[in-house]
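Structure first, then comments.
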Amino acid sequence: MGTTIFTIMSALATEYEAINLSQGFPDFMPDEKLIDLVHQKMLAGNNQYPPMRGCSELLMVLAEKIKNVYELEVDPLQEITITSGGCEAIYTAITTLVHPGDEVIILEPAYDLYRPAVLLNKGVPVVHQLQGPDFARDWSAIRALITDRTRLIIINTPHNPIGKIFGPDDLLALQQIVAETGIYVLSDEVYEHITFGARHESVLRYPDLYRNSFACYSFGKTFHATGWRIGYCVAPPHLTAEFRKAHQYTVFTVFKPAQLAIAEYMADPSTYLQLPEFFEKKKNQLEQGMTKSRYRALDSQGSYFQLYDYSEISNALDTEFVKTMTIEHGVAAIPLSVFYTDPPADQKLIRLCFGKKEETLTSALERLIAI
């Protein structure tokens with residue numbers, strides 16, 4: 001396994017004092033109320049191991065949220081597990097399912113955790129490449145990749161890095177594949193509350209699909225606290241039971257004060273329901289500002305990422321172009337090619353994170369427009 005591009009670009013941004021629009025983390029604080037709640041829970045003595053599955057208080061609140069948002073009733077004690085971030089949820093789900101020789105269908109470009117996790121479990125990645133600039137899903141082509149060794153299909157909506165969301169037709173097509181084959185689904189939904197103009201289509205909305213699915217989430221993305229490393233996985237009882245066998249030997253349990261604080265904080269649904277409006281303003285600031293530059297924006301339907309075409313500026317490979325941006329122009333980005341096993345040769349796209357302070361985006365725009 002190599003070093004992730006996120007580590008490389010963030011280190012380069014620090015070295016050259018560049019504005020970091022590469023790695024997906026906000027540069028603003030979480031809500032002070034949430035921070036105060038964590039402190040209160042620590043002072044109240046909640047500093048020892050919580051249950052392996054997670055604190056009951058948080059599991060109950062999550063079950064209520066799932067019922068209200070996705071119209072699905074789940075057993076909080078048997079279908080939800082608190083994890084050390086969305087990444088641990090994803091990695092543990094893959095570890096739960098994938099055995100040596102099992103094939104896993106991955107839609108690329110793909111978040112760079114999926115493929116290494118499959119390989120570390122001695123699985124075989126099978127790639128379906130999404131074609132830009134629309135990156136539409138071709139479910140007949142995906143179906144054609146299925147063999148008797150196919151164990152798992154990994155999906156991601158809202159999508160990192162391309163900012164696209166799945167529609168109802170996507171989920172229904174996937175549900176039909178699962179019904180016919182019994183293949184499992186891992187649904188990475190860590191940006192579930194950051195969509196623009198359309199609702200998030202979760203596997204939790206489709207009961208027949210959910211029966212064979214793991215859905216993974218992140219409190220860090222939702223509450224602007226990525227460094228807390230807290231997420232959760234939702235799966236039917238028979239899958240959750242297997243998931244927890246791996247989870248208990250990965251991290252066993254997760255920071256208790258934050259679990260209790262989040263449970264109290266998110267009892268108010270507005271803490272997450274206001275996120276689309278909050279992040280759309282930031283997206284619009286970046287997108288509108290970039291109309292004065294030679295970058296061309298691709299539509300972002302969700303997440304806090306947007307792709308930009310730089311072909312009018314340079315013919316350089318994206319991996320070299322982002323280094324030049326960082327070193328010479330003071331803005332760090334992520335090249336899209338690193339999200340592929342075999343990237344398209346003529347693609348000139350970079351990913352920018354707009355989940356930043358208004359003043360950060362303003363400063364970045366001044367530098368990007370000048371290129």
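Of the conditions (1) touching a residue at least 24 places away in the same chain (Cβ under 8 Å); (2) surrounded by fewer than 20 Cβ atoms within 10 Å (Cβ to Cβ); (3) of a type in the set (A, V, I, L, M, F, W, C); (4) under 30 Å from residue 42 (Cα atoms), residue 266 satisfies every one except a single condition; which number is it?
Unmet condition: (2).
Please go through the range 336-363 and give me each residue that is of a type outside the set (Ser, Thr, Tyr), assigned to a helix (DSSP H, G or I) and out of contact with any Leu (no Cβ under 6 Å at 6 or more places or on another chain), ordered by number.
Initially, the range 336-363 is screened for residues of a type outside the set (Ser, Thr, Tyr), giving 336, 338-339, 342-359, 361.
Among the residues that remain, those that are also assigned to a helix (DSSP H, G or I) are: 336, 338-339, 358-359, 361.
338, 339, 358, 359, listed by residue number.
What pairs come out if I take residues in the range 42-62 that are assigned by TED's automatic domain parsing to the domain that holds residue 232 and over 17 Å from residue 245 (Cα atoms) and pair them with residues that are crowded, with 20+ Cβ neighbours inside 10 Å and among the small types (Gly, Ala, Ser) whose C-beta lies under 6 Å away, six or more apart or interchain?
Close Cβ pairs (under 6 Å, with a partner that is crowded, with 20+ Cβ neighbours inside 10 Å and among the small types (Gly, Ala, Ser)) amount to 57/263; 58/263; 61/263.
Which of the numbered conditions does residue 307 fail, given that it passes all the others? Conditions: (1) surrounded by fewer than 20 Cβ atoms within 10 Å (Cβ to Cβ); (2) touching a strand residue (DSSP E or B) at 6+ places or on another chain (Cβ under 9 Å); (3) within 30 Å of residue 69 (Cβ to Cβ).
Looking at each condition in turn, residue 307 falls short on (1).
This table checks each residue for (1) more than 11 Å from residue 92 (Cβ to Cβ); (2) crowded, with 23+ Cβ neighbours inside 10 Å.
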{"site": "229", "(1), (2)": "yes, no"}
{"site": "247", "(1), (2)": "no, yes"}
{"site": "254", "(1), (2)": "yes, yes"}
{"site": "260", "(1), (2)": "yes, no"}
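Looking at (1) closer than 30 Å to residue 148 by Cβ; (2) at pLDDT 95 or above; (3) within 22 Å of the chain's Cα centre (by Cα); (4) not in a helix (DSSP H, G or I), which one does residue 101 not meet, given that it meets all the others?
Here residue 101 clears every test but (3).
Within the range 233-243, how many residues are surrounded by fewer than 19 Cβ atoms within 10 Å (Cβ to Cβ) and either assigned to a helix (DSSP H, G or I) or without any contact (Cβ under 8 Å) to a residue 12 or more places away in the chain (or both)?
The total comes to 4.
Considering every residue within the range 73-90, establish whether at least one is hydroxyl-bearing (Ser, Thr, Tyr), in the same structural domain as residue 254 (by TED's automatic domain parsing) and assigned to a helix (DSSP H, G or I).
no
So, residue 225, is that one more than 20 Å from residue 159 (Cα to Cα), touching a Phe, Trp or Tyr at 6+ places or on another chain (Cβ under 8 Å), small (Gly, Ala, Ser) and buried (at least 17 other Cβ atoms within 10 Å of the Cβ) or not?
no
Are there any pairs, at least 6 apart or on different chains, whose C-beta atoms fall under 8 Å, with the first in the range 339-367 and of a type in the set (Val, Ile, Thr) and the second assigned to a loop (DSSP other than H, G, I, E, B), and if so, which?
Close Cβ pairs satisfying both conditions: 350/310; 350/333; 360/27.
If you take the residues in the range 42-72 that are among the acidic types (Asp, Glu) and surrounded by 12 or more Cβ atoms within 10 Å (Cβ to Cβ), which one is farthest from the chain's Cα centre (by Cα)?
Among those that are among the acidic types (Asp, Glu) and surrounded by 12 or more Cβ atoms within 10 Å (Cβ to Cβ), it is 57.
How many residues are in contact (Cβ under 8 Å) with a residue 60 or more places away in the chain and assigned to a strand (DSSP E or B) when one looks only at the range 106-136?
Total satisfying the criteria: 4.
Does at least one position in the range 200-207 carry a residue that is touching a Pro at 6+ places or on another chain (Cβ under 8 Å), buried (at least 20 other Cβ atoms within 10 Å of the Cβ), assigned to a loop (DSSP other than H, G, I, E, B) and assigned by TED's automatic domain parsing to the domain that holds residue 254?
Taking the range 200-207 first, the residues touching a Pro at 6+ places or on another chain (Cβ under 8 Å) are 200-201.
Remaining after also requiring buried (at least 20 other Cβ atoms within 10 Å of the Cβ): 200-201.
In the following step, the residues that additionally are assigned to a loop (DSSP other than H, G, I, E, B) were identified as 200-201.
Next, from what is left, pick out any that are assigned by TED's automatic domain parsing to the domain that holds residue 254: 200-201.
There is at least one residue in the range 200-207 that is touching a Pro at 6+ places or on another chain (Cβ under 8 Å), buried (at least 20 other Cβ atoms within 10 Å of the Cβ), assigned to a loop (DSSP other than H, G, I, E, B) and assigned by TED's automatic domain parsing to the domain that holds residue 254.
If I ask for residues that are of a type in the set (A, V, I, L, M, F, W, C), within 24 Å of residue 339 (Cβ to Cβ) and assigned to a helix (DSSP H, G or I), which ones from the range 276-324 would you list?
Result: 279, 286, 290, 321, 322.
Could you list, in sequence order, all residues of the range 43-63 that are under 27 Å from residue 355 (Cβ atoms) and outside any loop (DSSP other than H, G, I, E, B)? Before the answer, list the steps.
First pass over the range 43-63, keeping only residues under 27 Å from residue 355 (Cβ atoms): 54, 58, 61-62.
Passing the criteria: 58, 61, 62.
What number of residues in the range 1-41 are without any contact (Cβ under 8 Å) to a residue 12 or more places away in the chain, under 20 Å from the mean Cα position of the chain (by Cα) and in a helix (DSSP H, G or I)?
Qualifying residue count for the region: 2.
Only one of (1) out of contact with any Phe, Trp or Tyr (no Cβ under 6 Å at 6 or more places or on another chain); (2) surrounded by fewer than 21 Cβ atoms within 10 Å (Cβ to Cβ); (3) at pLDDT 95 or above fails for residue 218. Which number is that?
(2)
The values are calculated or read from the model by the stated rules, or taken from the named source; none is laboratory data. Here the structure is a predicted model, which means the values were calculated and not measured. So basically every Cβ, Gly included, is an ideal-geometry build from the backbone, and we count neighbours across all protein chains shown.
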